[in-house]
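The structure under discussion appears below in the form of structure tokens.
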Amino acid sequence: MKSALSILIAALLFIGSSALFTVQQGETALVFRFGEIVEDNLKPGLHFKTPFVNNVRKFDARLQTLDADPERYLTSEKKNLLVDSFVQWRISDAKRFYTAMNGDIRLANMRLAQIIKDGLRAEFGSRTVQEVISQDRKVIVKDIQADTRQSVADFGIDIIDVRIKRVDLPQNVSESVYQRMEAERNRVAKDLRSQGAEAAERIRADADRQRTIIIADAFRDAETIRGEGDAKAAGIYAKAYSKDAEFYSFYQSLTAYQEAFKDKSDVMVVDPKSDFFKFFNQQK
């Protein structure tokens, strides 16, 4: 009796445990009845099922990252570019994901990788190397995201982000592009230097013109002042001379003597009786 009761209790516990299942955080699940989906997109928590009738399949609903190997793509001018990119996605509809991909994340990554490659091939194939380098890559990424979301609409997945990590050029293409860029920068620098030289010459010419005008005006003013001063001096001398002509003559002779004999080595050959020495020859 006890043995039968124990078996019954064990069977009930087994059936009860088989009727309960847990969906963890970051998961979603489907409930099947004989292979047919009867419940989909179950939220995290404790759920019930019919033992031996229903079975459950769980899926990782967390963010998935597809980091593919770098691929070569041709530009519109038939130049090779080595592009390294990655995609982030997650399951948004478990039922559609199971139907389209048989619930296989590896298969989803393979299909998604091919779609991204086709999108990158189209985007880079419509641009030149110069456009790829100079244009904002956000434009390319935005177009690829839009096209990819449309392509995977029936996969039950949501594209979170598409990023281009880097774009490398083959060595010969890099040198050609850099040479063109260097030539363009040199041309701009030459134009700027020419404009600077022209502006410098214009400023220098204007400064020289102003300098000439200022010097001419200063010379004119100086000559005017000097003329006025000479006139005043001449007037003063004339007035003084008119008061005492003999003293003025004597003063002028002393000044002449001072200028003539200010250096001891000076030698002058003059007749002592000339007018130059008239004040030396005068006797009291």
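The values are calculated or read from the model by the stated rules, or taken from the named source; none is laboratory data. Predicted model, so just to flag it, every value in this text is computed and none were measured. Methodologically, a virtual Cβ is constructed for each residue, glycine included, from the backbone with ideal geometry; neighbour enumeration extends over all protein chains shown.
Annotations for the structure displayed:
- The residues in the stretch 85-130 that are surrounded by fewer than 16 Cβ atoms within 10 Å (Cβ to Cβ), assigned to a loop (DSSP other than H, G, I, E, B) and touching an Asp or Glu at 6+ places or on another chain (Cβ under 7 Å) can be counted, and the count is 1.
- Search result, residues across the stretch 66-84 that are more than 19 Å from Ile160 (Cα to Cα) and either part of a loop (DSSP other than H, G, I, E, B) or not assigned by TED's automatic domain parsing to the domain that holds Ile159 (or both): Asp69, Pro70, Thr75, Ser76, Glu77, Lys78, Lys79
- Yes/no for Asp67 being more than 30 Å from the chain's Cα centre (by Cα) and of a type outside the set (Val, Ile, Thr): no
- Any chance Leu82 is surrounded by 13 or more Cβ atoms within 10 Å (Cβ to Cβ) and modelled with pLDDT of 85 or more: no
- Residues that are over 15 Å from Leu120 (Cα atoms) and of a type in the set (S, T, N, Q), drawn from the stretch 59-80: Gln64, Thr65
- Count - residues of the stretch 25-71 that are surrounded by 14 or more Cβ atoms within 10 Å (Cβ to Cβ), polar (S, T, N, Q) and over 30 Å from Leu169 (Cα atoms): 4
- The numbered conditions (1) at positive phi; (2) within 26 Å of the chain's Cα centre (by Cα) are all true for Asn102 except (2).
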